[in-house]
Amino acid sequence: MLNSTYRFVKRMHIFDISAYLFLMVGGLFLLIKGAEDQGYYWQWFRIPKYLYQIDEGRFIAGPILKGLKITLNLTWISLILTYIIGLVTALMRLSNSLLARGIARVYLEITRNTPLLVQIFFMYFVVAPILDIDRFFAGVLALSLFEGSYASEIYRSGIVAVNKGQWEASYTLGLSTYQNYRYIILPQAIRRILPPLTSQAVSLIKDSSLVSVIAIYEMTMQANEIASETFLVFEIFFTIAAIYLALTITLSQIVAYFEKRYRVVS
Amino acid sequence: MSAKEFGDYIINVDGIGKTFTNGVVALKDFSTNIRRSEVVVLIGPSGSGKSTFLRCLNGLEEIDTGTITIDGIPLDDNKKNRLEIRKEVGMVFQHFNLFPHLTVLRNITLAQMLVRKRTKNDAQDEAMQLLKKVGISDKVDAFPSQLSGGQQQRVAIARALAMKPKVMMFDEATSALDPEMIGEVLEVMKDLAIEGMTMVVVTHEMGFAREVSDWVIFMEDGMKVEEGTADHFFTEPKMDRTKLFLSQIL
């Protein structure tokens, strides 16, 4: 009885795996077939030089890698700002001050209910000239304000989810509101919200491609240029998709490691 | 416990009332005075306002009417007064409320360092002494989740004591414990009483109330029904309601 169940489960796995492979191979086949039907001529051999070149033993980054560098810079600066803006907004929404709650509310409603693309244009054409910042920082600001509004909801849910008894215990011990957040509430909340905060970072990496519209030469912008010059549309965009994928998967893996390490049992 | 010496009044509660936002009246014109070193036990059916009373005493709940004064400091809107009272009144909760992300040692040293401004060494010495007193000095580096309920509650008591409070409040401190662990926590509470700590205790442990308390208050519907010494209260209660409650619980 047990043996047959075991074999049944095992068979199920084999079924799963073959179905998966079938879908994958099928998808790939359709893709190649589609390209062929259009008379598409695959030229993967032309791609490496847009990534990098070796000239007399010296490594020279191609346009895609240069774009990647700008994407990374955009992302990490925006990410830090996103997390700060998100935290501050969440605390404002939870504060007793009517003013703070009001400001947070208006900010959230505006950023979450308008398209990011519009916000990027607004930041570049309206805000940047006023603040006298360059296009890179206009992009950073637009991205971090947009993602920050989502991050704030994540923080808020994490903070609210911490057991009420924790607030009461730290209140009775005489901790100030700041000390309570700093030592008791946030360390517990952040451990809980690490997974959604990571997906926020993943969205940020992907959304960073949108700032190409204000001519920031990040990876997507570079890819666009190359594609329009060379017509290597599929090759170039598959390449940068793979790079985005590698970035986001690496990030998720790192966070998964930390999450495992600092898990709290409550 | 008749040989005990009491000091002056440390807690003055005058005519406090509390109605929750959902309309439930938790306390009605409740007054009581508690002397230094006195152990006062509050008993009564659930929903009678015992826990609310405790929570009002240190400002966890706002009172609507009346006044509360602790060691001469009025519990009012003044933040400084409030902080002073929070420091001087220790509280032990039904569900322990230890900080799950901190070790036992950190649980006890954190507030000492942040609020009492003690050095790390002083705070740790104090913590070690208290852990020895509550009988779990071998668990300093454990996390709360690794301890039994009884051990967690003893850590919580040590954490509150580390602030050197003038008053200790216990809000059904043994209600969430497995039966075999209730004794170890009551033992610690009894020791505290013998040392002369002023204690306000909400409990369903009638044995503890009888043996340790100096004064028993029986509450129902947010009001005091009857009060008296433990002897009087358990042997010759006057009110019918008290008799009924005791007959149900003993």
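A few comments on the model shown:
- Criterion: modelled with pLDDT of 95 or more and under 20 Å from B:Ile43 (Cβ atoms) - qualifying residue of B:Met219, B:Met169: B:Met169
- Annotation note: of A:Thr82, A:Thr75, A:Thr172, A:Thr71, the sole residue that is farther than 30 Å from A:Glu225 by Cα and buried (at least 22 other Cβ atoms within 10 Å of the Cβ) is A:Thr172.
- Helices (runs of 4 or more DSSP H) wholly inside the range B:146-250 that include at least 1 residues being of a type in the set (A, V, I, L, M, F, W, C), out of contact with any helix residue (DSSP H, G or I) (no Cβ under 7 Å at 6 or more places or on another chain) and open to solvent by less than 20 Å² (accessible area, probe 1.4 Å): B:149-161, B:179-194, B:230-235, B:240-249
- Selection of the range A:220-252 for residues being within 23 Å of A:Ile84 (Cα to Cα) and either open to solvent by less than 20 Å² (accessible area, probe 1.4 Å) or not polar (S, T, N, Q) (or both) yields A:Leu247, A:Thr248, A:Leu251.
- Residues within the range B:95-123 that are touching a helix residue (DSSP H, G or I) at 6+ places or on another chain (Cβ under 6 Å), farther than 21 Å from A:Lys164 by Cβ and not in a loop (DSSP other than H, G, I, E, B), tallied: 7
- So A:Ala169, is it part of a helix (DSSP H, G or I), in contact (Cβ under 8 Å) with a residue 24 or more places away in the chain and either within 13 Å of another protein chain (Cβ to nearest Cβ) or small (Gly, Ala, Ser) (or both): no
- Entry remark, the range B:131-145: residues being within 14 Å of another protein chain (Cβ to nearest Cβ) and surrounded by fewer than 18 Cβ atoms within 10 Å (Cβ to Cβ) number 2 in total.
- Residue-level analysis places B:Ile108 outside the set of residues that are open to solvent by less than 10 Å² (accessible area, probe 1.4 Å) and more than 25 Å from A:Asn180 (Cβ to Cβ).
- Against the test of being in contact with a Phe, Trp or Tyr (Cβ under 9 Å, 6 or more places away or on another chain), within 14 Å of chain B (Cβ to nearest Cβ), among the basic types (Lys, Arg) and open to solvent by 30 Å² or more (accessible area, probe 1.4 Å), the options A:Arg182, A:Arg191, A:Arg135 yield a single qualifying residue, A:Arg191.
- When B:Thr21 is tested against (1) exposed (fewer than 15 other Cβ atoms within 10 Å of the Cβ); (2) touching a residue at least 24 places away in the same chain (Cβ under 8 Å); (3) among the hydroxyl-bearing types (Ser, Thr, Tyr), just one condition goes unmet, and that condition is (2).
- Qualifying residue in the range A:176-187 (condition: in a loop (DSSP other than H, G, I, E, B) and not acidic (Asp, Glu)): yes
Conditions tested, residue by residue: (1) farther than 24 Å from A:Ala246 by Cβ; (2) of a type in the set (Ser, Thr, Tyr).
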site	(1), (2)
A:Asp134	yes, no
A:Leu143	no, no
A:Glu168	yes, no
A:Ser203	no, yes
A:Asp207	no, no
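- Filtered by the rule that a residue be outside any helix (DSSP H, G or I), farther than 16 Å from B:Ile10 by Cα and within 12 Å of another protein chain (Cβ to nearest Cβ), the range B:60-90 gives B:Leu60, B:Glu61.
- When the range A:145-165 is filtered for residues that are within 24 Å of B:Ala173 (Cβ to Cβ) and open to solvent by 10 Å² or more (accessible area, probe 1.4 Å), the ones remaining, listed by number, are A:Asn163, A:Lys164.
- Among the residues of the range A:210-219, those that are surrounded by fewer than 20 Cβ atoms within 10 Å (Cβ to Cβ) and in a helix (DSSP H, G or I) comprise A:Val213, A:Ile214.
- Taken as a whole, the structure leaves B:Met128 outside the set of residues that are under 23 Å from B:Ser145 (Cβ atoms), part of a strand (DSSP E or B) and either within 14 Å of chain A (Cβ to nearest Cβ) or among the hydrophobic types (A, V, I, L, M, F, W, C) (or both).
- Residue check, A:Trp42 open to solvent by 70 Å² or more (accessible area, probe 1.4 Å), out of contact with any strand residue (DSSP E or B) (no Cβ under 9 Å at 6 or more places or on another chain) and outside any strand (DSSP E or B): no
The values are calculated or read from the model by the stated rules, or taken from the named source; none is laboratory data. In this text the structure is predicted, and so the values were computed from the model without any measurement. In this analysis, Cβ positions are derived from the backbone assuming ideal geometry, glycine residues included, and neighbour counts consider all displayed protein chains. All accessible areas refer to the heavy atoms of the entire protein, side chains included, with ligands and DNA or RNA removed. Shrake-Rupley method; radii C 1.70, N 1.55, O 1.52, S 1.80 Å.
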